[in-house]
1. Within segment 5-64, count every residue that is of a type in the set (D, E, K, R) and over 25 Å from G104 (Cα atoms).
2. Are any of the residues in segment 79-87 within 16 Å of ligand 1 (Cβ to nearest atom), under 15 Å from the mean Cα position of the chain (by Cα) and farther than 20 Å from V119 by Cβ?
3. Just checking, does segment 4-18 include any residue being buried (at least 19 other Cβ atoms within 10 Å of the Cβ), within 16 Å of ligand 2 (Cβ to nearest atom) and under 17 Å from the mean Cα position of the chain (by Cα)?
4. Would you check if there is a residue in segment 24-42 being away from ligand 2 (no atom under 16 Å from the Cβ) and under 16 Å from F286 (Cα atoms)?
5. Please list, ordered by first then second residue, the pairs with beta carbon atoms under 6 Å, 6 or more apart or interchain, first in segment 56-83 and touching a residue at least 24 places away in the same chain (Cβ under 8 Å), second within 16 Å of ligand 2 (Cβ to nearest atom) and assigned to a loop (DSSP other than H, G, I, E, B).
6. Here are the criteria: (1) under 21 Å from the mean Cα position of the chain (by Cα); (2) touching a residue at least 40 places away in the same chain (Cβ under 8 Å). Tell me which single one K347 does not satisfy.
7. Any idea which residue in segment 316-348 is nearest to R294 (Cα to Cα), counting only those that are among the β-branched types (V, I, T), in a loop (DSSP other than H, G, I, E, B) and within 11 Å of ligand 1 (Cβ to nearest atom)?
8. Within 16 Å of ligand 2 (Cβ to nearest atom) and touching a helix residue (DSSP H, G or I) at 6+ places or on another chain (Cβ under 9 Å): which single residue out of L283, L372, L334 fits that description?
Amino acid sequence: MNQCRICDGGLQQFLDLGEQPLSDAFRDPADESPEFTYPLTVGACTDCGMVQLMQEVPRERMFHHDYPFRTATSAFMRQHFEDFARRMLATELTGDSPFIVEIGCNDGTMLRTIASAGVRHLGVDPAVGAVEDAAADGIRVRADFFEESTAADIRATDGPADVVYAANTICHIPYLDSIFQGLTQLLKPTGVFIFEDPYLGDIVRLGSYDQIYDEHYYLFSAHSVAQAAQRFGFALVDVERLGVHGGEVRYTVARSGARTPTPAVSALLAEEAAQRLHDWETLKNFAQVVEQRRDGLVEVLRKLRQEGRSVAGYGATAKSATVLNYCGITSDLLPQIYDITPAKQHKVTPGSHIPVLPFPESVQDYPEYFLLFAWNHATEITAKETAFHEAGGKWIRYVPEVRID
Ligand code: TYD
Ligand code: ZN
């Protein structure tokens with residue numbers, strides 16, 4: 001039995017999503033070199049409850065110069081991060097020469113607002129290409145992984161931080177112990193560590209198994225985050241449910257005793273207990289839903305192919321790698337996927353080798369059906385694509401159920 005990355009407990013496997021490629025490793029179509037794969041299996045700690053991958057992919061394989069994801073591709077997410085930055089400027093960052101550090105700053109979407117306000121900041125991210133985009137916008141960045149030594153170095157150069165923030169990043173980092181040890185040095189005594197990531201409660205409720213891939217090492221809950229924080233001398237002092245990215249929680253963590261936990265913390269812990277979120281039965285049931293969801297989607301795609309319908313993917317998300325490779329979907333069922341990210345276009349998807357193309361200029365050239373891989377951006381996308389739908393185009397979804405509408 002593998003050991004939990006957080007505590008001394010053992011990991012019990014409840015889900016096997018098969019052999020998978022790196023979710024963001026879009027390939028040159030001519031590239032015939034062997035592709036790195038790993039077994040994607042998920043377990044829960046029998047002690048602290050933390051849900052985590054059974055196998056770790058070396059971080060340098062995932063986060064490097066050519067990491068293709070850019071936060072700014074979603075207008076909705078740009079607004080989300082601007083709202084957060086404004087809130088920080090009005091609350092945590094009002095003291096004398098305040099300082100905020102963002103772990104996983106990507107293209108600087110959040111820090112842009114902070115920088116414009118003239119507030120001291122630093123973005124840390126190993127995705128050099130993304131960080132260069134941020135730097136070009138006048139944002140102060142460091143192209144690096146964040147771990148204990150990075151935190152100590154920042155503290156020595158810039159002094160302590162009021163806020164350390166991370167969005168869709170902490171769940172990517174197996175070595176949480178090093179992160180917390182770094183925070184012990186970097187945060188002011190009353191400083192806060194705020195991070196938002198996909199929420200286990202939503203993943204189980206929606207059956208959104210595509211939230212599970214190499215980069216999402218942890219699937220957090222209030223319960224497991226509270227346990228982890230406590231282990232490293234911190235406490236969970238606030239939680240906020242977020243609608244973004246298919247359901248997330250924004251956790252606020254402070255040094256033990258530094259802040260009084262809000263009622264939202266006990267409320268979410270109670271909700272998780274009432275739903276038996278961490279029960280073995282709940283997790284095994286989720287694994288069954290995942291199998292049914294796979295069979296349902298493949299059936300729909302096969303039927304549409306038999307009927308001679310045109311189908312394409314919408315959004316070459318990292319999440320789509322799990323769906324395509326777990327369901328065994330290749331270009332015979334799904335000839336192409338459209339995506340607005342330049343770095344993904346004219347490449348093929350990892351493992352399944354489906355071509356990724358820029359969207360056709362005209363809706364007339366759209367397929368009859370779009371398989372919505374970027375379902376977490378559904379509101380933004382369906383609003384943008386009303387002409388497609390009005391012309392009779394249909395959406396195929398697989399979260400929270402397989403359906404066509
Ligand atoms: P996202 O779901 O944000 O993340 P992940 O890759 O972690 O699963 O990725 C959204 C992808 O969809 C990204 O490659 C950009 C693309 N996209 C579009 O092509 N059009 C759009 O309107 C939006 C919002 C995203
Ligand atoms: Zn544990």
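The values are calculated or read from the model by the stated rules, or taken from the named source; none is laboratory data. This is a predicted model, so every value here is computed, not measured. Positions of Cβ are backbone-derived with ideal geometry, glycine not excepted, and every protein chain shown enters the neighbour counts.
1. Of the residues in that region, 8 qualify.
2. Looking through segment 79-87, none of the residues is within 16 Å of ligand 1 (Cβ to nearest atom), under 15 Å from the mean Cα position of the chain (by Cα) and farther than 20 Å from V119 by Cβ.
3. No, the conditions are met nowhere in segment 4-18.
4. Applying the first criterion (away from ligand 2 (no atom under 16 Å from the Cβ)) to segment 24-42 yields 24-41.
Keeping just the survivors that are under 16 Å from F286 (Cα atoms) gives 40-41.
Checked segment 24-42: at least one residue is away from ligand 2 (no atom under 16 Å from the Cβ) and under 16 Å from F286 (Cα atoms).
5. E56/P174
6. So K347 meets the others, but not (1).
7. Narrowing segment 316-348 to residues among the β-branched types (V, I, T): 317, 322-323, 329-330, 337, 340-341, 348.
Checking which are in a loop (DSSP other than H, G, I, E, B) leaves us with 317, 329-330, 340-341.
Restricting the remaining residues to those that are within 11 Å of ligand 1 (Cβ to nearest atom) gives 317, 340-341.
Details: T317: 17, I340: 26, T341: 27 Å.
Filtering segment 316-348 for residues that are among the β-branched types (V, I, T), in a loop (DSSP other than H, G, I, E, B) and within 11 Å of ligand 1 (Cβ to nearest atom), the one nearest to R294 (Cα to Cα) comes out as T317.
8. On the way: L372 fails: within 16 Å of ligand 2 (Cβ to nearest atom); L334 fails: within 16 Å of ligand 2 (Cβ to nearest atom).
When all the criteria are applied, what remains is L283.
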